[in-house]
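Student: Quick one: the structure is below, and I'll ask about it shortly.
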Amino acid sequence: MSFRRRLKRKRPPEGWDLIEESIEDFEQQMKDAVAEEHEGKRKNELTWRIHRIHWEKNRFIWDLRYKRKVMGDELYDYLCREKVADQALISKWRKPGYENLCSLLSIQKGDTNFGTASICRVPMASRAPQQQLTPNVKTGCISCVSGDGQNGGAIWGETPITAGIQ
């Protein structure tokens, strides 16, 4: 079921018209990422762009709700109830040490060989030299540890690496 059709059934709360265009833009980017050509890419690389768009959309909602404080409870609850926002990811961002978490997949210990968190949760300064710029296989995130990155965000596989990041 399309995003727009699902939301037409219920009357949106006040403030929806201000963010509707941005949310639709994120949804269009997601459709483009799903339909993207997969020739020459590894199986895991196909989902990297999807994870990044998902993170950006939810970071946009988190920024409006908790940083700028311009989104009300009613609109936020509506977005979570309609599955536009990832409530679990946004609630993790409010906890210390998880402010830049790229995906919930990176902290699920059952999905790794040794029962540990993902490589992107290890600070870049603490990694071995050969693992310095290694992305997470599932999400494409290089580092989502608090303190790494520029402007308080995760470093993704397609991010140009500058001297300030290392």
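Student: Take the residues of region 69-106 that are crowded, with 17+ Cβ neighbours inside 10 Å and β-branched (Val, Ile, Thr): which is nearest to the chain's Cα centre (by Cα)?
Tutor: Here the residue is Ile90.
Student: So, one more: Filter region 16-59 for residues that are aromatic (Phe, Trp, Tyr) and touching a residue at least 40 places away in the same chain (Cβ under 8 Å) and give the result. Quick ask: steps written out before the conclusion?
Tutor: So the first thing to find is which residues in region 16-59 are aromatic (Phe, Trp, Tyr), and the list is 16, 26, 48, 55.
Within region 16-59, Trp16, Trp48, Trp55 meet the criteria.
Any read-out appearing in this document is the output of simple, stated calculations on the displayed coordinates, not a laboratory observation. Bear in mind the structure is a predicted one, so any value in this text is a computation, not a measurement. Glycine gets a Cβ as well: all are built from the backbone with ideal geometry, and neighbour counts include every protein chain shown.
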